[in-house]
Each structure stands twice: as C-alpha cells, then as structure tokens.
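Presented below is the structure to which this report refers.
What follows is calculated from the coordinates using simple rules that are stated; it is not laboratory data. Bear in mind that the values here come from a model prediction, so they are computed numbers and not experimental data. Note: ideal-geometry Cβ built from the backbone for every residue, glycine included; neighbour counts use all protein chains shown.
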Number of protein chains: 2
Amino acid sequence: MNYHVDNIKNIELFFKSLRNDICNSFENIENSNPNNKNKPHKTFNFKRKKWKRKADKGFASGGGGVISIMKGKVFEKVGVNISSVQGRFSTEMRKKIPGANKTGKFYATGISLVAHMHSPFIPAAHMNLRFIHTTKSWFGGGIDLTPAIGNAKIIKKHFHSDLKQMCDYHNPSYYKRFKEWCDNYFYLPHREEARGMGGIFFDNIDKDLDKNFLFIQDVGKVFLQIFPEIIKKNMHKRWTNEQKEKQLIKRGRYVEFNLLYDRGTAFGLQTGGNIEAIFMSLPPNVSWL
Amino acid sequence: MNYHVDNIKNIELFFKSLRNDICNSFENIENSNPNNKNKPHKTFNFKRKKWKRKADKGFASGGGGVISIMKGKVFEKVGVNISSVQGRFSTEMRKKIPGANKTGKFYATGISLVAHMHSPFIPAAHMNLRFIHTTKSWFGGGIDLTPAIGNAKIIKKHFHSDLKQMCDYHNPSYYKRFKEWCDNYFYLPHREEARGMGGIFFDNIDKDLDKNFLFIQDVGKVFLQIFPEIIKKNMHKRWTNEQKEKQLIKRGRYVEFNLLYDRGTAFGLQTGGNIEAIFMSLPPNVSWL
C-alpha cells in the first residue's frame, strides 16, 4: 500500500505539531524552574535553524528541515529536528533500503529528539518517528531512555508500563516485539553493554499504513506525557560531583553508539543530510576515562 | 621478504624502549612544571595496565599488551600503548588485509600514543608505529598533530620541517608522499575538514624491511624530540575560557574521526582488541555545540 500526497501532508503536519507541543512543554519546564535564579529572570527558548538539502538529479528540491535547540538550566541540551527530504539513493544505499533497488527514488519525513539533562537523576531521552517512501511505504520509530546512574528502577518500571499500555491499545503483540527490538538495537557489542534502559523500537511494522499512522501518533503523544513527568519528579534532587562524572562517562557510550552503530546517523551522512541536524544527538559535555 | 623471529623480537624491544623513553620524558615535563602547586608536592606518573587477548583457534596465546596512562597538570590525558597480538583474522578481515586471504594467520606488534593537553596552545599529538606479519610483512605508522586554536602556524612550520629533515635522510621521496597520505587519511568528509595540521602517515612502504625498520626507529625518535619541545615552549601560556571551549569542540572532531573512520580503531574492534586500549585515544573531556 502506498500513501498519496494528502496522507503524506498529514504526516508532515503531525510531526510539526508534535514538535511544537514538545518544545512548548520543555520551555514551560525550563522557565518554571526555581533553580533559574538569573536576575533579570532569563527565559529559555528553543532556537530554530532551517537547512536545505541539495537536490538530486531529476528533483526540483532536495527538501530540508528545521533544527530546534534549547540549552537551559534543566535541559543541558535538547534538540528536536523535523525534516522532509527527497531524491535518489546512491547505488550503495539502494541495496539496503526496501523498494529502492530500481530507481533509487525516495521521500522521507521524520521527527527526531534527543535530550541530555543537567541532572544525572534524569535519563537522557531519545524519540524518533519517521515515514519513508520508495516503491514501498512504511513507518518506523521508537522511544528509549538512557539513565546515567543506578537510581533508575522506578523510572524504568513506570516508563515500560506506560509504553506497554499504549502499545497494547493498538496490538497486544507490539510491546513485547518492540521492546526486544529496542534492546537488540541499542546495544554496544564492543562493551557488551546496553545503551540504556530500553523502550520500544520498530520499523516497517504492518501493511496497513492508516493503522500504523494512528500508532505513530500515539507514540509521539505518550512520549509527551511520560518524559515531562520524569523530569518534574527528579529535577529538584541535588547531585554530587561523582554522580555528574558518571553521567559524563555514560554519555561517552552514547557517542560511541551513535557514531559506530546508529543507522539514523549513517543514513544522514550517506544521504547528504545536514551535519548539525545529524549530530544534534551528540551530548554537550562528555568524558572518557 | 619475511622477518624471522630474531628480527621480530628486536621490533618489540624497540617499541618497548621507545615507550619507556616517552613515558620518562613526559613524566619529567609533568613533574618539573611549576604550575603543579600541590603541597606536599604530588608526583605524576604513568599508570600501567596489562591486558591479554583471547587466543584464536590453533594458537597457544592471543598475545596482549600494556596500556600506560598519565593524567597530570600539563597532560590532561596521555596514553601510550604497546601490544603484540597473534591469531587468525575473521573471514571478513581476510579480504582487507594483504597476505591474509588464505589462512588468515597474523601477527601484529605496535606502539600507539595519543596526548590530549590541558593547554589549548599545545596541539593534541598522535604517534603510531606498527609491524604486521601475514604471509607478507610490513611496517606502517605516522605522527600528526591536532591544534585546537589558530595560533599554531609556528608550531606547524617547525613540525613539518623537522619531519622533512628526518624523512629526507632516509629517502628524498618520503616526506612529500607521507605528508599527502596523512592529509588524505586524517580528513572528515562529513565536515569537509582536516582533523589537524597533518604530519606523516605511511603503510607498507618498501620491500626492504631492514631499511624500513631504521626509518621506523627514526620516526619514533623524532617524535620524542619534537613534541616535548612544543610542550615546553607553550605550557606556561595562560588561556581563556573561550580558548578552552574551542579545544573541547575540536576534540569532538577527533572523536568523530576515530569512531567513524579510523582504521586502527576498526582493526582493534574487529580483532577482539582490548576496549580500554583501543579507546585510549578518546579525549578526557569533549563538547559538542
């Protein structure tokens, strides 16, 4: 099944409106934080930056995207990217992407979020939703959290239970499958370590795109419900230098994963994506021992 | 031409003695630094750590190595690794490594050094020398520097002139070839940026291994002459927070290069090397914007 233009416009609109809702929610957290003692009271906001992708042969436009970045007192760095790109895959990419082996034509739109928090008590968050169209069409995405220190049992329990509830509403088989997919994907073989506490991860899940799109919307909405709650519950705890140092070391694993294994990063680099948008995920401060 | 056991022992001995000379030189710099105002006077030393590689099928030992790390007031983090490993390459590696396509048997020994300095006025340094033996035998290696801020013109001029003089002594064609090789190798295509100010880089340079070994020894010795001089000339300059921040950002490029492109890192990860030794090169503190 392929989506016609009206559907694709709806997907783009949903990603844009989700981006706006997330940015509003995060700005509210930042600006209601009593730790922000700057006088005159400083308001933290997302800064937006548009980028354009060079058109491939036979296309009037290569598309582009908008990067939104905020650096505050709660969010050490949070980035939310939306993008819609189109063109032709390279010969090498055509072999890897379903439905691209003949002409290599593709269209892809998505939203991608990574939040690195000042507090080591709040896990780093990653959320990504995407729609890809070649001669085939499919959705993919996921949500996962990366805690820095071992206090995260309660967070993990609530997080997975909320994800399960949302998944179960759509299909009782989703949660188990997508949780395993997430655990397998966010894994660092060279360290024999999981990147974080898991979550859900999925790609090309079902033939019924309308049904998938409803699921995709709920994944976005559940993220917007879960993560701000985790932040608000943990943002006022004081941390030690040792706990902060642990977080910086844990972020090193995050960098290792993204540069060595992440398919999104590789996809971006291989399709001439915007470097700033691709590396938005990299933490603001990192340490290696 | 292949080397017999006596020659290989000599190579290992040279790498070990070079490691000792470098560590002594760097410890002397650290402990004669008047900025070290700790009372009672704290002495900085390299900490050593041995590691063993798991033996591959048909080998009594997989070999191993020794990591030497120092964190001081001049050297933010400097690591010097020596290793000698043996075994059988994986099927995938056999296609890439000269002379390994039949049995996959290999022996490799080397020294590898990366220094990240507190002062943004002192470039990060990288030096690597290696000998690899399959059904063929060859040397490879290089030296290169990565300055953080744009003050490095004088350093660059002296550095390249010293390298040229040393290379010319062995072969008038070396410097030009190995400088270009270095510029091509230490390049980040996704940023269209050089990693640093270049240096020399070479692999499998000549059939005459005895002659190569003399060159390899001189590369090690010239590093031991050049880098401490650069440090001593620049270690007392005061830097600003902005200059330090620039250095941390520049280090991000270093991480990107090592995880996305470096063949040494890939070789280590694919041959079951020691993770701590492979990632010794990663900077202690890094920032991404």
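Inside 10 Å of the C-beta atoms of B:274-287, what's the mean count of C-beta atoms belonging to other chains?
4
In the structure shown, do any of A:Lys164/A:Lys237; B:Lys52/B:Lys164; A:Lys102/B:Lys250; A:Lys50/B:Lys77; A:Lys52/A:Lys246; B:Lys95/B:Lys179 have a Cα-Cα gap over 30 Å, and if so which?
B:Lys52/B:Lys164; A:Lys102/B:Lys250; A:Lys50/B:Lys77; A:Lys52/A:Lys246
Using all Cα-Cα distances in the protein assembly as shown, what percent lands in each 10 angstrom bin from 0 up to the longest?
3, 15, 24, 23, 19, 11, 4, 0
Between A:Glu180 and B:Asn10, what is the FRET efficiency for a Förster distance of 51 Å, r being their Cβ-Cβ separation, to the nearest 0.05?
0.45
Using the per-residue mean of other Cβ atoms lying within 10 Å as a proxy for protection, in what order, highest first, do the peptides A:99-108, B:137-146, A:259-268 fall?
Ranking, from highest mean packing down: B:137-146, A:259-268, A:99-108.
List the distances, in nm and shortest first, from the label point of B:Ser161 to the matching label points in every other copy, placing each point 7 Å from Cα along the Cα-to-Cβ direction.
Taking the point 7 Å beyond Cα along Cα→Cβ, the inter-copy spacings are 7.2 nm.
Apply 1/(1 + (r/R0)^6) to the Cβ-Cβ distance of B:Ala55 and B:Lys102, taking R0 = 30 Å, and write down the FRET efficiency to the nearest 0.05.
0.90
Can you give me the long-range amide H partners of A:Gly199? Hydrogens built in the peptide plane at 1.01 Å from N, cutoff under 5 Å, separation of 5 or more residues or another chain.
Those lying under 5 Å, H to H, from A:Gly199 are A:Asp183.
For Cα pairs less than 8 Å apart in space and 6+ apart in sequence, what is the mean separation divided by the residue count of the stretch B:44-120, i.e. the relative contact order in percent?
28 percent
Springs between alpha-carbon atoms under 10 Å, Gaussian network over chain A: tell me which of A:Ala148, A:Ala55, A:Ala277 tops the mean-square fluctuations.
A:Ala55
In peptide B:187-193, how many Cβ atoms from other protein chains are near each Cβ within 10 Å, on average?
Mean partner-chain Cβ count within 10 Å for B:187-193: 2.
Using a Förster radius of 45 Å, what is the FRET efficiency between B:His236 and B:Arg48 based on their Cβ-Cβ separation? Nearest 0.05, please.
0.95
Give B:Lys136/B:Lys211; B:Lys211/B:Lys232; A:Lys71/B:Lys244; B:Lys73/B:Lys221 a once-over and call out the pairs whose C-alpha atoms are over 27 Å from each other.
From the list (B:Lys136/B:Lys211; B:Lys211/B:Lys232; A:Lys71/B:Lys244; B:Lys73/B:Lys221), the Cα-Cα distance tops 27 Å for B:Lys211/B:Lys232.
Add +1 for every Lys or Arg and -1 for every Asp or Glu among the other residues with Cβ under 10 Å from the Cβ of B:Asn274, and state the total.
+3
Which whole-number percent gives the relative contact order of chain A, counting Cα pairs below 8 Å spaced six or more residues apart?
Once normalised by length, the contact order is 17 percent.
Rg and Dmax of the stretch A:221-289, Cα atoms, in Å?
Values for the stretch A:221-289 (Cα only, Rg and Dmax): 15.3, 43 Å.
Can you list, shortest first and in nm, the gaps between the label point of A:Thr135 and those of its counterparts in the other copies, using a point 7 Å from Cα in the C-beta direction?
For A:Thr135, the inter-copy label distances come out at 4.2 nm.
If the label for A:Lys211 sits 7 angstrom from Cα along the Cα-to-Cβ line, what are its distances to the same label in every other copy, in nm to one decimal, shortest first?
7.2
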